[in-house]
Amino acid sequence: MAVSADDLSAPLGQKSTRKRRFRLPFSGTQALATILALLLLGFLGVAIFNNNPMGGEPVARVAIKAPAATDDQKVAAKPPIEVKHGTPETAKAPEVPGQKTITIIDGSSGARKDIVVSSEGSDNAAADVSPPVMTGIDQKLLEKSRHGMVPIAIGALKPVTAYAAGSEAERARAMKMPSISIVIGGLGVGAAKTTDAIMKLPLAVTLGFTPYGSDPGKLVERARAQRHEVLLQLPMEPFDYPDNDPGPQTLLSSATAEQNLDRMMWHMSRFQGYVGVANFMGARFIATDTAMQPIAREASKRGLALFDDGSTPRSVAAAAAEGQGMPFARSDVAIDAVPTSADIDKALARLEGLAKERGVAVGVASALPISIERISAWAKTLESRGVMLVPLTTAMLKSKSS
């Protein structure tokens with residue numbers, strides 16, 4: 001019988017008690033089976049009771065950062081600019097409701113100028129406030145449109161004859177001698193520039209007004225009071241539109257005839273008293289026959305003339321006007337294409353040569369100070385050289401009769 005060390009050291013006559021070992025009530029195999037069973041029950045519970053239509057689909061988690069502020073947001077977040085006395089303010093003024101800032105690009109010099117115009121007639125305008133009817137306008141030659149009063153012909157009474165400058169005696173004299181007509185375009189934007197053209201240029205010079213500016217009607221009234229003949233310049237789509245944007249309500253070659261005619265009505269309602277319409281920019285539009293034909297037809301129906309500034313050789317304006325039998329003229333010479341005294345004088349001399357050769361010639365210019373100065377000086381001695389300066393309608397009449 002084996003004797004342990006504890007038995008040898010125990011007191012005589014006493015039995016030692018054995019230590020009891022701790023035993024789990026289940027084996028390791030049973031524990032593992034229980035854990036696996038619980039995991040299986042948990043999975044089945046999630047699968048049955050979890051209402052997730054995307055359950056089981058792969059999920060990717062990405063961190064989304066707030067987008068960087070745009071330039072417009074940065075400008076809006078900046079505090080108002082404080083203008084101190086004697087410090088020039090060069091920041092562009094924010095647009096206000098009812099106005100829009102556009103960039104006009106001068107066709108001759110390429111100079112850019114930001115101007116603020118009324119945007120009441122934009123496509124999304126809630127209301128369109130019509131400008132008042134100007135003084136000295138024949139009410140019989142007006143028709144109400146949704147944009148305001150627009151010109152209309154009543155039988156033989158037409159705006160092209162009712163508002164033509166010059167007398168019958170002057171027109172009769174022009175039929176007997178070489179004649180030149182000059183159109184100054186781009187007016188109505190910039191009151192100082194427009195006023196200079198009105199007051200300093202000879203009365204026979206025809207003035208072309210865009211429908212923009214704070215109040216083009218007042219400037220047109222002043223021009224007519226000085227006995228200048230007036231044209232309405234219709235903003236038309238250039239080839240690089242919209243990078244080069246003539247302004248709100250531009251006539252587009254891609255628009256329908258109805259859309260362009262509605263825009264034309266908006267332009268025609270800005271002021272009254274003009275003898276005809278002309279293109280403002282519009283190299284693409286005026287070269288597109290399907291776009292140009294409805295405009296010429298509408299202008300003819302309303303007793304207006306059509307003028308082409310000659311800026312594109314692909315223009316179909318002449319054919320469109322001829323098809324309507326309406327008064328028409330096209331510029332022969334861009335007088336200030338190079339705006340220097342020497343080049344303007346050369347262009348005016350070329351106009352004289354054309355007038356003597358063909359009987360009539362037409363030139364176009366912008367209201368640059370140098371242009372106004374050189375044209376005014378040239379006109380003072382023109383008749384002494386046997387050539388007469390006439391309004392555009394006289395040149396149209398002479399071209400038609402020749």
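Quick look at the numbers
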quantity: Candidate residues 266, 378: accessible-area rank, largest first, probe 1.4 Å; calculated: 378, 266
quantity: Accessible-area ranking of 322, 373, 143, 352, largest first, probe 1.4 Å; calculated: 322, 373, 143, 352
quantity: Gained length - residue 140 relative to residue 170, 0.36 nm times residue gap less alpha-carbon distance; calculated: 8.1 nm
quantity: Inter-centroid distance (Cα atoms) of the stretch 306-372 relative to the stretch 157-232, Å; calculated: 15
quantity: Nearest-20 debye value, the stretch 267-402 charge dipole, Cβ charges on Lys, Arg, Asp, Glu; calculated: 280
quantity: Residues listed by number, the stretch 266-289, amide nitrogen under 20 Å from residue 297 label point at 7 Å toward C-beta; calculated: 266-268, 277-279, 285-289
quantity: The stretch 288-402, accessible surface, carbon-and-sulfur percent (1.4 angstrom probe); calculated: 54
quantity: Ellipsoid equivalent to the stretch 259-349 - semi-axes via the Cα gyration tensor, in Å; calculated: 26, 15, 13
quantity: The stretch 207-305 shape via C-alpha gyration tensor axes, a/c threshold 1.5; calculated: prolate
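The values are calculated or read from the model by the stated rules, or taken from the named source; none is laboratory data. Computed from a predicted structure; not experimentally measured. In this analysis, Cβ positions are derived from the backbone assuming ideal geometry, glycine residues included, and neighbour counts consider all displayed protein chains. Surface areas here come from the heavy atoms of the whole protein model, side chains and all, with no ligands, DNA or RNA. Shrake-Rupley method; radii C 1.70, N 1.55, O 1.52, S 1.80 Å.
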